[in-house]
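A.B. asks: Attaching a single structure in structure tokens format; questions to follow.
The values are calculated or read from the model by the stated rules, or taken from the named source; none is laboratory data. Since we're looking at a predicted model, the values are computed, not measured. Glycine gets a Cβ as well: all are built from the backbone with ideal geometry, and neighbour counts include every protein chain shown. Note: accessible area is taken over every heavy atom of the protein model, side chains too, but ligands, DNA and RNA are not part of it. Shrake-Rupley method; radii C 1.70, N 1.55, O 1.52, S 1.80 Å.
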Protein chains: 2
Amino acid sequence: MTRPPPEPAPRTAPRRRDARATRARLLASAGEVFAQHGFRDANLRQICAHARANLGAVRYYFGGKQALYREAFFAAYREVFAGEPMPRLADDDDPAAALSTWMRWFLRMLLIRRAAHPYLSRLLARELAQPSEVLDEIVALVVAPARDELERVVAALIDADARSREVEEKTHLVIFLCLQFEMAQPVLERLGVPRSRTPEAVDALAGRLLRFALAGLRA
Amino acid sequence: MTRPPPEPAPRTAPRRRDARATRARLLASAGEVFAQHGFRDANLRQICAHARANLGAVRYYFGGKQALYREAFFAAYREVFAGEPMPRLADDDDPAAALSTWMRWFLRMLLIRRAAHPYLSRLLARELAQPSEVLDEIVALVVAPARDELERVVAALIDADARSREVEEKTHLVIFLCLQFEMAQPVLERLGVPRSRTPEAVDALAGRLLRFALAGLRA
DNA sequence: CCCGAAGTCAAACGCCCGTATGACTCGTCC
DNA sequence: GGACGAGTCATACGGGCGTTTGACTTCGGG
């Protein structure tokens with residue numbers, strides 16, 4: 001029914017009718033529009049127009065609006081995280097240094113790399129407000145592994161069993177300590193809090209958060 | 001055009017055609033349905049049916065869907081916070097005790113009183129994902145005053161100017177440390193984190209968060 | 001050169017839903 | 001008890017949008 005993603009490598013020179021390119025444009029446009037307006041308010045005509053594709057292309061390539069949304073979400077996610085995968089922490093000797101590494105990486109993802117994909121975060125915020133099946137996959141694919149990784153660091157830091165309630169809770173505190181800058185941005189904006197955008201500012205912010213988190217964890 | 005809220009006190013015995021009651025039912029139903037489906041996906045026919053009111057009643061009482069949404073949001077907000085207003089903190093001598101009071105109150109609002117209005121939090125989450133004019137009002141009306149109040153406590157706690165960058169940032173950290181249990185609930189749920197529901201559990205949680213926050217603030 | 005498949009396109013179908021309308025039915029007051 | 005206004009109701013209008021269809025165009029291979 002729906003066309004599968006075309007062959008990975010184009011054998012010939014770019015064709016005038018390039019299915020791969022059309023599909024990609026559609027995906028990019030969809031990510032943008034869905035992020036801006038939400039699933040329901042986004043309309044396919046706009047997405048297609050912006051992608052210089054015909055309305056029918058959605059059905060042809062993806063099968064429908066819902067499927068397009070899902071693909072767009074994962075495509076955006078992949079592009080953002082593929083460039084800089086989560087650092088492995090267990091190898092690191094010093095738990096405090098490991099925590100620092102993780103937090104800096106996470107904040108960099110949230111605050112800087114989003115410039116490359118300004119809509120991934122908004123897609124996520126929308127999923128939080130109205131979870132669809134996509135959120136299940138995202139949590140299982142991204143959040144849970146990150147949590148598990150960080151959990152080991154926290155356990156080492158406070159010298160407790162990685163499976164204990166305390167470690168679990170404190171791990172989540174650290175994650176959301178960072179994540180708030182993403183999730184609560186509309187509120188922070190209205191409170192007049194400027195967003196750190198430059199690598200230097202983000203690094204400084206990470207440093208302050210790290211101090212806060214370290215003290216809290218050890219308390 | 002739209003009927004104003006009826007007289008505060010009903011002079012006579014409840015009438016068979018009771019405008020006040022109809023309006024209230026509509027408001028309650030709207031809050032529920034908007035929270036469950038979001039502004040766009042909620043439909044007036046469903047809201048009206050659930051409120052045992054006619055479709056035309058929406059226009060009659062509120063003027064339209066958007067206006068109904070706004071009214072429903074504020075009605076829910078008022079009901080949740082009216083019962084237990086934010087504690088005044090400046091009066092308290094010990095900053096640590098003041099922080100404790102504030103955090104306990106805040107968490108109680110988020111985790112317990114929401115049982116009375118299970119949909120206020122979801123309405124808020126939706127506003128975060130897709131801010132409308134309503135979010136401006138909510139921030140100005142609720143979040144900003146709470147922030148200002150807490151800011152004084154934090155300033156006293158770390159012995160700094162209440163208007164300094166440091167105080168501002170740390171205040172936000174504390175707020176969102178609590179707020180995450182509200183905002184990130186869909187994620188926490190999928191991670192298998194149970195929600196504290198009983199007053200005792202919430203109090204215990206508040207205690208742990210307080211330890212974390214105090215240590216972090218003083219770091 | 002032709003044929004079939006892959007891709008594109010315009011047009012239309014059909015549904016959902018917010019809004020609008022006008023008639024009907026109560027309660028109340030003169 | 002008649003009339004007026006508040007409240008209720010069924011019905012219809014109109015637009016937006018996802019989906020579907022079928023014909024047209026381009027390309028590669030026999």
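A.B. asks: In the stretch A:122-139, what count of residues is obtained for those that are under 15 Å from A:R78 (Cβ atoms) and either among the small types (G, A, S) or open to solvent by 20 Å² or more (accessible area, probe 1.4 Å) (or both)?
C.D. replies: Here is the first cut: in the stretch A:122-139, the residues under 15 Å from A:R78 (Cβ atoms) are A:123-124, A:134, A:137-138.
Imposing the further condition that a residue be either among the small types (G, A, S) or open to solvent by 20 Å² or more (accessible area, probe 1.4 Å) (or both) reduces the set to A:124, A:137.
Count: 2.
A.B. asks: Of all residues in the stretch A:202-219, how many are free of Cβ contacts under 8 Å to residues at least 12 places away in the same chain and within 17 Å of A:H172 (Cα to Cα)?
C.D. replies: Selection size over the stretch A:202-219: 3.
A.B. asks: I need every pair where a residue in the stretch A:55-81 that is in contact (Cβ under 8 Å) with a residue 60 or more places away in the chain has its Cβ under 6 Å from the Cβ of a residue that is open to solvent by less than 20 Å² (accessible area, probe 1.4 Å) and among the aromatic types (F, W, Y), sequence separation at least 6 or different chains.
C.D. replies: Close Cβ pairs (under 6 Å, with a partner that is open to solvent by less than 20 Å² (accessible area, probe 1.4 Å) and among the aromatic types (F, W, Y)) amount to A:Y69/A:F34.
A.B. asks: Which ones in the stretch B:144-154 are open to solvent by 10 Å² or more (accessible area, probe 1.4 Å) and without any contact (Cβ under 8 Å) to a residue 24 or more places away in the chain?
C.D. replies: B:A144, B:D148
A.B. asks: Something else: Keeping to the stretch A:196-212, report how many residues are surrounded by 14 or more Cβ atoms within 10 Å (Cβ to Cβ) and hydroxyl-bearing (S, T, Y).
C.D. replies: Within the stretch A:196-212, residues that are surrounded by 14 or more Cβ atoms within 10 Å (Cβ to Cβ) and hydroxyl-bearing (S, T, Y) number 1.
A.B. asks: Next up: Just for the stretch B:50-62: of the residues that are open to solvent by 30 Å² or more (accessible area, probe 1.4 Å) and away from DNA strand C (no atom under 11 Å from the Cβ), which one is nearest to the other protein chains (Cβ to nearest Cβ)?
C.D. replies: Top of the filtered list is B:H50.
A.B. asks: Here's a follow-up. Checking the condition within 11 Å of chain B (Cβ to nearest Cβ), over 25 Å from B:L135 (Cβ atoms) and part of a helix (DSSP H, G or I), which residue from A:V167, A:V174 passes?
C.D. replies: A:V174
A.B. asks: In this structure, does A:R88 turn out to be more than 15 Å from DNA strand D (Cβ to nearest atom) and open to solvent by 50 Å² or more (accessible area, probe 1.4 Å)? Walk me through how you get there before you give the answer.
C.D. replies: Values: more than 15 Å from DNA strand D (Cβ to nearest atom): yes; open to solvent by 50 Å² or more (accessible area, probe 1.4 Å): yes.
It is true that A:R88 is more than 15 Å from DNA strand D (Cβ to nearest atom) and open to solvent by 50 Å² or more (accessible area, probe 1.4 Å).
A.B. asks: Of all residues in the stretch A:161-195 being crowded, with 18+ Cβ neighbours inside 10 Å and polar (S, T, N, Q), which is farthest from the chain's Cα centre (by Cα)?
C.D. replies: Filtering the stretch A:161-195 for residues that are crowded, with 18+ Cβ neighbours inside 10 Å and polar (S, T, N, Q), the one farthest from the chain's Cα centre (by Cα) comes out as A:T171.
A.B. asks: Still on this structure, please answer the following. Could you check A:A215 against (1) open to solvent by 30 Å² or more (accessible area, probe 1.4 Å); (2) farther than 28 Å from B:A125 by Cβ; (3) at the interface with chain B (Cβ under 8 Å from one of its Cβ atoms) and say which number it fails?
C.D. replies: A:A215 satisfies all of (1) open to solvent by 30 Å² or more (accessible area, probe 1.4 Å); (2) farther than 28 Å from B:A125 by Cβ; (3) at the interface with chain B (Cβ under 8 Å from one of its Cβ atoms) except (1).
A.B. asks: While we're looking at this one, here's another question. Hey, any hits in the stretch A:98-121 for a residue that's within 15 Å of B:P186 (Cβ to Cβ) and either among the charged types (D, E, K, R) or more than 9 Å from every other protein chain (Cβ to nearest Cβ) (or both)? Talk me through it step by step, then tell me what you get.
C.D. replies: Of the stretch A:98-121, the ones within 15 Å of B:P186 (Cβ to Cβ) are none.
Looking through the stretch A:98-121, none of the residues is within 15 Å of B:P186 (Cβ to Cβ) and either among the charged types (D, E, K, R) or more than 9 Å from every other protein chain (Cβ to nearest Cβ) (or both).
A.B. asks: Is there a residue in the stretch A:128-151 that is away from every other protein chain (no Cβ under 12 Å) and of a type outside the set (A, V, I, L, M)?
C.D. replies: The answer is yes, given that some residue of the stretch A:128-151 is away from every other protein chain (no Cβ under 12 Å) and of a type outside the set (A, V, I, L, M).
A.B. asks: Shifting gears a bit: From the list B:A67, B:A82, B:A76, B:A97, which one is among the small types (G, A, S) and open to solvent by 60 Å² or more (accessible area, probe 1.4 Å)?
C.D. replies: After ruling out the rest, the residue left standing is B:A82.
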